[in-house]
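> Quick one: structure below, then a few questions.
The values are calculated or read from the model by the stated rules, or taken from the named source; none is laboratory data. Please read all numbers here as calculations on a predicted model, not as lab measurements. Positions of Cβ are backbone-derived with ideal geometry, glycine not excepted, and every protein chain shown enters the neighbour counts. To get the accessible areas, we keep the full protein, side chains included, count just its heavy atoms, and leave off ligands, DNA and RNA. Shrake-Rupley method; radii C 1.70, N 1.55, O 1.52, S 1.80 Å.
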Amino acid sequence: MVIGMGLQDLNLPNKYFTPEQFRADFPALNRHCVYLDSAATALKPHAMIDATLAYYSENTATAQRSLHNAALQVTATIDNARQNVANLIHAQSSDEIIWTRGTTESFNLIAQSYARPLLQSGDEIIVSELEHHSNLLPWLIVAGQTGAKVIQWSSDVNELSLLMSAKTRIVAITQMSNVTGFCPNLEAISDIVHQHNAILVVDGAQGIVHHNVDVTALNIDFYAFSAHKLYGPTGLGILYGKRALFEQMSVWHGGGKMLKRTSFDGFIQEDLPYRFEAGTPNIAGIVGFNAILQWLERWDSNQAEHYTKQLADYAKSQLNKLTDIQFYSEDHSPIITFNINHIHHNDIAILLSEQNIAIRTGELCAQPLMNKLGCHGAIRLSLMPYNNQQDVDKFISELQNAIEILV
Ligand code: PLP
């Protein structure tokens, strides 16, 4: 028996979305906390918490190793989850899905296993200025190791055409900025990158939460995201890669189950995807995330996104009434980033925290973008379909109080 079923096997009613029902699935919202920090990590619904509890309390077993029933069930669940992830992002095969610890680890894996053996001195890696540090530092590190160069790119499509050259090997870009909410035109970018025989690496950490993605149609070479931003567990990431690229990559971590045979003379590596998954996987995380992938199927994501956008528009219209406010984010984005002139963003965060309001402030792990925006930090609220107008109203009223105290 598989703990949880395949998405295609579920006998589901038509998809629907009502904000009240959606919100009711999140026990953390009963704490009377206004949670507006979902771009950092999303709250978790009962579906995931229950599945994780059941794994630890009733079905604890290892995966891919032992032959007792519970272990076989867990192994089947992990295979099923891998297929469900492949379906979610439209990968051609579940062999193209690797479990990692998060988006950050996924990029480090590509940098060390794909890029490091390939790059020669003078080769170029084009990285957009929008990137989270996790899609910049792995490239800086591998550039230092190989003599390649990291080229800064504004994320403008026309500029990319000018930057591409015979030396370009890799182009790295986010699907959605965690600072501005901007979503680059991946279709146009992918065309340009492949016209120059380079590969396209996309950071889906924020994008997958609010948008569909079809890695096959977009001809994306590597795509990474973290389960915890998509309502799932922490410590679990996904790396999608085209089979042909994974096949040519060197293995990264060595250990249990990434090999077919070994002796003191060497080893023969395991088939995909297992050769990149040395050691016991994050079993509880994958079980919990599989529950999320099934739970997501119940909800009409278009309606949920429409609702979130309306809420974001409402929040922005209320913020716009404040004087001395400077926005950095796109209109209609569920991510709203701003500063209040002459007030330090962290002072606002501390005062709001005293009122049980969770927001994120600081450099948002995007120092180059912050420099470009001309600030050393900002206030970010990030909305999800479990938020409501009362959350926004409470935030606005406490923000006004904080401003009065701080000016
Ligand atoms: N990319 C983006 C756009 C993010 O917002 C984040 C996390 O904030 C990451 C990458 C890194 O994700 P993780 O810390 O889960 O590896």
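> Assess whether residue 134 counts as being of a type outside the set (A, V, I, L, M) and more than 16 Å from the ligand (Cβ to nearest atom).
Considered against the rule, which asks whether it is of a type outside the set (A, V, I, L, M) and more than 16 Å from the ligand (Cβ to nearest atom), residue 134 comes out as no.
> Is there any pair linking a residue in segment 102-131 that is free of Cβ contacts under 8 Å to residues at least 12 places away in the same chain to one that is within 16 Å of the ligand (Cβ to nearest atom) and not aliphatic (A, V, I, L, M), with Cβ under 6 Å and at least six apart or on different chains, and which?
none
> When you scan segment 248-268, do you find a residue that is within 30 Å of residue 188 (Cβ to Cβ) and not in a helix (DSSP H, G or I), even just one?
Yes - at least one qualifying residue is present in segment 248-268.
> Name every residue in segment 314-343 that is farther than 25 Å from residue 135 by Cβ and either surrounded by 15 or more Cβ atoms within 10 Å (Cβ to Cβ) or touching a residue at least 60 places away in the same chain (Cβ under 8 Å) (or both), in order of residue number.
314, 315, 316, 318, 319, 322, 325, 340, 342, 343
> Can you find, within segment 188-233, the residue that is most open to solvent (accessible area, probe 1.4 Å) among those that are of a type in the set (Asp, Glu) and either assigned to a helix (DSSP H, G or I) or more than 10 Å from the ligand (Cβ to nearest atom) (or both)?
Applying the filter and picking the extreme gives 191.
> Moving on to the next point. Only one of these conditions is not met by residue 112: (1) within 16 Å of the ligand (Cβ to nearest atom); (2) under 17 Å from residue 151 (Cβ atoms). Which number is it?
(2)
> Same structure again: How about segment 138-160: which of its residues are open to solvent by 60 Å² or more (accessible area, probe 1.4 Å), touching a residue at least 24 places away in the same chain (Cβ under 8 Å) and not in a strand (DSSP E or B)?
141, 145, listed by residue number.
> Additional query: Any chance you could count how many residues in segment 45-63 are over 25 Å from residue 278 (Cα atoms) and not in a helix (DSSP H, G or I)?
Result for segment 45-63: 2.
> Please enumerate the residues belonging to segment 85-133 that are in a loop (DSSP other than H, G, I, E, B) and open to solvent by 20 Å² or more (accessible area, probe 1.4 Å).
If the condition is that a residue be in a loop (DSSP other than H, G, I, E, B) and open to solvent by 20 Å² or more (accessible area, probe 1.4 Å), then 90, 92, 93, 101, 120, 121, 122, 129, 132 are the ones that fit.
> Could you grab me the full set of residues in segment 373-395 that are open to solvent by less than 10 Å² (accessible area, probe 1.4 Å), in a helix (DSSP H, G or I) and among the aliphatic types (A, V, I, L, M)?
Result: 392, single match.
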